[in-house]
């Protein structure tokens, strides 16, 4: 037995009403017993629900785009509530318009070092927001070999977070938007920064050993918010390779959002 109506959840009273209709032609004694029994069973099943009706919008062949404010629940044509993402995971945060990325310019490519760095970051991002401002949620970081390392070599992308003085902004490092907006935030970027701390580096991702002619060999790290850059902090990025030959580029993507960091 299903409640009448299109795209709604039924309450205890709705099912009781249907029970009365279903037994309307029965003899009085039987009808009274059937309704009472139906209410008893249904009451056990719905004991944890509220006695209200909730309406939803049954989705057809197109996805609605509501304005800001209240909206109805979305239901499938079978009455199931649509409570799972209907779009790729990053669509909503990117749609809000505060997602950004940057990469070292090709004219400023760094020379590979076959050793663990101490205090040097080839690319750095500083959060210049006030203490109650946005945090920078790191989404991804990457490295690629711009000129050949000339020998088979792996690559490991590393990072660290430090509270140091604000960077001198390098406008040659372009900040890009995945939806074509111009950057107006307080992030500062710099190259070849030497204010990191030795032995605080963490590995983001490692790539397999590339061929000797390894132009384009690279590493991509899906950080997915695993690093949060609070106001007043700097993110430093570098890479470790097996042969100190050739040049490379590093990039990073982030979202600027208000967070309570405790």
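The values are calculated or read from the model by the stated rules, or taken from the named source; none is laboratory data. All figures in this text were calculated on a predicted structure; none of them were measured in a lab. We place every Cβ from the backbone using ideal geometry, glycine too, and count neighbours over all the protein chains shown.
Numbers below:
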item	result
Counted residues, the range 137-151 - those being surrounded by fewer than 19 Cβ atoms within 10 Å (Cβ to Cβ) and modelled with pLDDT of 95 or more	1
Residue count for the range 55-73, restricted to those that are part of a strand (DSSP E or B) and either over 24 Å from the mean Cα position of the chain (by Cα) or at pLDDT below 75 (or both)	4
Residue identified as modelled with pLDDT of 95 or more and surrounded by fewer than 16 Cβ atoms within 10 Å (Cβ to Cβ) among 183, 126	183
Test: residue in the range 231-250 that is farther than 17 Å from residue 124 by Cβ, surrounded by fewer than 16 Cβ atoms within 10 Å (Cβ to Cβ) and either in contact with a helix residue (DSSP H, G or I) (Cβ under 9 Å, 6 or more places away or on another chain) or free of Cβ contacts under 8 Å to residues at least 12 places away in the same chain (or both)	no
Any hit, the range 78-95, residues being surrounded by fewer than 14 Cβ atoms within 10 Å (Cβ to Cβ), at pLDDT 95 or above and more than 22 Å from residue 194 (Cα to Cα)	no
Hits in the range 219-262 - residues which are part of a loop (DSSP other than H, G, I, E, B) and under 29 Å from residue 133 (Cβ atoms)	230, 231, 232, 233, 258, 259, 260, 261, 262
Some residue of the range 211-218 being assigned by TED's automatic domain parsing to the domain that holds residue 98, in a loop (DSSP other than H, G, I, E, B) and within 21 Å of the chain's Cα centre (by Cα)	no
Members of the range 98-132 that are in a loop (DSSP other than H, G, I, E, B) and closer than 12 Å to residue 251 by Cα	104, 105, 109
Members of the range 133-168 found to be in a loop (DSSP other than H, G, I, E, B) and either closer than 15 Å to residue 232 by Cβ or touching a helix residue (DSSP H, G or I) at 6+ places or on another chain (Cβ under 6 Å) (or both), listed by number	133, 134, 163, 164, 165, 166, 167
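Residues are listed down the side, and each one gets a yes or a no for (1) free of Cβ contacts under 8 Å to residues at least 24 places away in the same chain; (2) within 13 Å of residue 257 (Cα to Cα):
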| position | (1), (2) |
| --- | --- |
| 89 | yes, no |
| 99 | no, yes |
| 103 | no, no |
| 114 | no, no |
| 118 | no, no |
| 125 | no, no |
